[in-house]
Amino acid sequence: SIAFVPPKWAILMAIGITPFIALAVPLKLAPSIERRGQAFLAGAIGGALQLVAGVTGPILDIFYVRSGMTRQMNVSTKACAQLMGHLTKVTYFGLLVANPAGRDLQQWLVMAFAAVFAVLGTTLSRCFLDRLSDKQFYYWTRRVILLIGAFYIAQGAWVMAAR
């Protein structure tokens, strides 16, 4: 009912700047998956972004990066949230939308390929997760989140400059 379509560069920049803002706010104001009501908020934001932009990782990460969870709890909880988001997207776009683009064999094969590599990546990453302490895990997680955010900002600037 609302026809608001922001330019691609604006979406990329917004996704990219979000982790920087989240890590800059004081801890007591920062989003946390463990605070009352914020798990629902993370789910609502993640679900909406999954359907609209198809990208939730950088946004969900801000709810997890300052939590008191162990690295195993962090990874498994976020993985479950992202699995539910992906299943929602596949169900919505693959089965419920009239004449979806994803019903040809090539696109189903791409989804199967992505699923296989997701399982493979999860399996292979366990050796890294087991070698890191919780402190090291959160140290590197913050840096990776900011690196991904910087990539989105750069991509948004590139798209904006190319217009």
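Determine, yes or no, whether Arg163 is of a type outside the set (Asp, Glu) and within 30 Å of Val25 (Cα to Cα). Here the answer is no, as Arg163 does not meet what is asked.
For segment 16-44, filtering for residues that are under 11 Å from Ile62 (Cβ atoms) and open to solvent by less than 50 Å² (accessible area, probe 1.4 Å) leaves 11. Of the set (1) farther than 15 Å from Ile145 by Cβ; (2) in a loop (DSSP other than H, G, I, E, B), all apply to Arg66 but (1). Has segment 72-89 got at least one residue that is of a type in the set (Ser, Thr, Tyr), surrounded by 16 or more Cβ atoms within 10 Å (Cβ to Cβ) and modelled with pLDDT under 80? No, segment 72-89 contains no residue that is of a type in the set (Ser, Thr, Tyr), surrounded by 16 or more Cβ atoms within 10 Å (Cβ to Cβ) and modelled with pLDDT under 80.
Of Ala157, Ala150, all but one fail to be closer than 29 Å to Thr88 by Cβ, open to solvent by less than 80 Å² (accessible area, probe 1.4 Å) and part of a helix (DSSP H, G or I); the exception is Ala150. Look at segment 129-155: where a residue is more than 17 Å from Ser67 (Cβ to Cβ) and a partner is at pLDDT below 90 and of a type in the set (Ser, Thr, Tyr), sitting 6+ places away or on another chain with Cβ atoms under 8 Å, you get Gly149/Thr18.
The values are calculated or read from the model by the stated rules, or taken from the named source; none is laboratory data. Note that the coordinates shown come from a computational prediction; the quantities given were computed from them, not determined experimentally. Every residue, glycine among them, receives a Cβ derived from its backbone with ideal geometry; neighbour counts consider all protein chains shown. For the accessible areas, the whole protein counts, side chains as well, though only heavy atoms, and no ligand, DNA or RNA atoms are used. Shrake-Rupley method; radii C 1.70, N 1.55, O 1.52, S 1.80 Å.
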